[in-house]
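Only one structure is covered here, and it is reproduced in the block below.
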Amino acid sequence: GDRSIENKVLALKEKLSGAENVVVLTGAGISAESGVPTFRGEGGLWRTYRATDLATPEAFENDPKLVWEFYGWRRQLLAPLDPNPGHYALAELERRIPRFTLITQNIDGLHQKAGSANILELHGNLWWVRCTRCGSLTEDRTVPLPELPRCGSCRGLLRPHVVWFGEMLEPKILDQAYEAIRDCGVMLVVGTSGTVQPAASMGVIARKQGATVAEVNLDPTPYSGAYDISISGKAGEILPRLL
Ligand code: BJW
Ligand code: ZN
């Protein structure tokens, strides 16, 4: 009930106030209150497609126009959206803690917009494009995009600079994430369903290495029982109370 949530919030707040090194892992749920649809569950459908079926290299090979249409739609949707109190609370937490790393699976850029600084984007960024021919990487905020965007230097087909299923996460970013997890005393896992690897296992790894691990999620996840503290509630309501 509310009472036990309050107690957990207070316990976590105390842990955080004494912490030297904190890692936060976020997923789509932290952006839900900004108006960003999550992947799984309600609003996880785009037309008749499951969002996760379009987030694959196969989908892009078979129908790049469809996949670009999907990402173009998401750019249009995201462009006017703002961070919510959950994003802002994490930016404030970072200012108060000596070592702080924000690992995000989100590609929406809302953490940056809220003022977070030390961010590791595991799954890329919606506002960057990459050439499938020459590999060049550029920031591109064009909305709307042409049907099939082309590389400015080699005319090759561009793709979103995001990590699809079956693709490797950028090794350097993944290394930095594991390094941060290895040293942290407290880890917070916020708004992720815990279904996508390797991010899903990071909380468990932190816990094995001795960190106190807490989850903030609207619903229970496969990991709720494996963490020290699991708080059910909206990120935008719970996170500001941890300050
Ligand atoms: C709220 C809230 C509120 C709502 N407040 N909470 C081991 C076994 C089997 C398979 C694999 C394995 N290891 C790797 C794989 C393959 C695959 C994988 O994990 N598959 C699983 C589905 C089984 N992983 C990969 O392919 C990864 N690559 C890799 O491992 O490389 C090595 C390799 C190569 C080749 C073969 C095998 C391995 C890459 C994964 C890339 C994921 N990409 C996406 C798309 C990114 C681009 C885009 O956005 O379009 O990333 S998929 C999608 O899921 C997106 C998300 O970042 C990711 C995670 O989703 P998230 O954030 O958890 O969102 P939801 O919607 O699932 O959950 C929202 C949560 O919020 C819910 O819990 C709500 O309750 C909660 N919530 N409102 C708080 N207000
Ligand atoms: Zn190119």
Checklist entry - If you go through the stretch 199-214 one residue at a time, do you hit one that is outside any strand (DSSP E or B), touching a Ser or Thr at 6+ places or on another chain (Cβ under 8 Å), surrounded by 20 or more Cβ atoms within 10 Å (Cβ to Cβ) and not hydroxyl-bearing (Ser, Thr, Tyr)? => result yes
Item to check | Filter result (modelled with pLDDT under 95, of a type in the set (Gly, Ala, Ser) and either touching a helix residue (DSSP H, G or I) at 6+ places or on another chain (Cβ under 7 Å) or closer than 14 Å to residue 188 by Cα (or both)) within the stretch 10-51 | outcome: 44
Checklist entry - Restricted to the stretch 110-141, and to residues that are away from ligand 2 (no atom under 15 Å from the Cβ) and in a loop (DSSP other than H, G, I, E, B), which residue is nearest to residue 93 (Cα to Cα)? => result 116
Item to check | Odd one out for residue 149 among (1) over 24 Å from residue 61 (Cα atoms); (2) more than 10 Å from the chain's Cα centre (by Cα); (3) surrounded by 17 or more Cβ atoms within 10 Å (Cβ to Cβ) | outcome: (1)
Checklist outcome for this item: residue 33 vs (1) within 9 Å of ligand 1 (Cβ to nearest atom); (2) closer than 21 Å to residue 200 by Cβ: all pass except (2)
Checklist entry - Only one of (1) more than 7 Å from ligand 1 (Cβ to nearest atom); (2) more than 23 Å from residue 86 (Cα to Cα); (3) in contact with a helix residue (DSSP H, G or I) (Cβ under 7 Å, 6 or more places away or on another chain) fails for residue 167. Which number is that? => result (1)
Next on the checklist: Looking at the stretch 42-65, can you tell me whether even one residue there is touching a residue at least 12 places away in the same chain (Cβ under 8 Å), within 16 Å of ligand 2 (Cβ to nearest atom) and in contact with a Leu (Cβ under 7 Å, 6 or more places away or on another chain)?
Outcome noted: yes
Checklist entry - Restricting to the stretch 146-180, what's the tally of residues that are within 16 Å of ligand 2 (Cβ to nearest atom), part of a loop (DSSP other than H, G, I, E, B) and in contact (Cβ under 8 Å) with a residue 24 or more places away in the chain? => result 3
Checklist entry - Which condition number in (1) touching a Pro at 6+ places or on another chain (Cβ under 8 Å); (2) in a loop (DSSP other than H, G, I, E, B) is the one that residue 71 fails? => result (2)
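The values are calculated or read from the model by the stated rules, or taken from the named source; none is laboratory data. Worth saying up front: this structure is predicted, and the values here are computed from it rather than measured. Note: ideal-geometry Cβ built from the backbone for every residue, glycine included; neighbour counts use all protein chains shown.
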